[in-house]
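Please read the structure below before turning to the comments.
Just so it is clear, none of the values below were taken in a lab; they were calculated from the coordinates. As the structure is a prediction and not an experimental result, all values here were calculated from the model. Reconstructed Cβ throughout: ideal geometry from the backbone, glycine too, with neighbour counts over all protein chains shown.
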Amino acid sequence: MAKENKAIEEKVDNDPSSKIEAIKNLIFGENIAAYNSEFEKVKKDIANKKKELENFIEDSRAELNQAIDNLSTDINIRITELEDNLAERAEHLDAKKVDKKVLGDLLISLGEKISQK
């Protein structure tokens with residue numbers, strides 16, 4: 001241990017930036033490598049979870065877009081059917097309904113014919 005401390009002291013004297021590293025090594029020693037390893041595992045796990053979430057979001061977005069497209073198509077079909085049905089009923093009503101003016105003229109004409117006979 002004395003040799004290690006002397007080697008560390010020599011490094012500290014030669015390089016000021018290594019002073020922090022030397023202090024970290026003295027205080028934490030082997031634990032710092034284990035902490036770094038754990039942090040790397042956590043980072044990888046977070047990155048994997050993030051990628052999974054991104055994939056899930058993309059899949060959900062695609063499913064929602066497909067559902068919206070299907071719903072839009074269905075609504076357009078139903079609107080077209082309703083328009084056709086309404087047009088058909090309007091034609092049917094026009095065929096059944098007689099204009100009051102035309103009916104009045106027909107009744108006057110019928111009345112005149114009856115009175116002439």
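Full extension of the chain between K113 and I68 yields a length gain of 9.6 nm, computed as 0.36 nm times the residue separation minus the alpha carbon distance.
With a cut-off of 13 Å between beta carbons, the residues surrounding I32 carry a summed charge of -3, where Lys and Arg count +1 and Asp and Glu -1. All other residues whose Cβ lies under 13 angstrom from that of D84 are scored, Lys and Arg at +1 and Asp and Glu at -1, for a net of -2.
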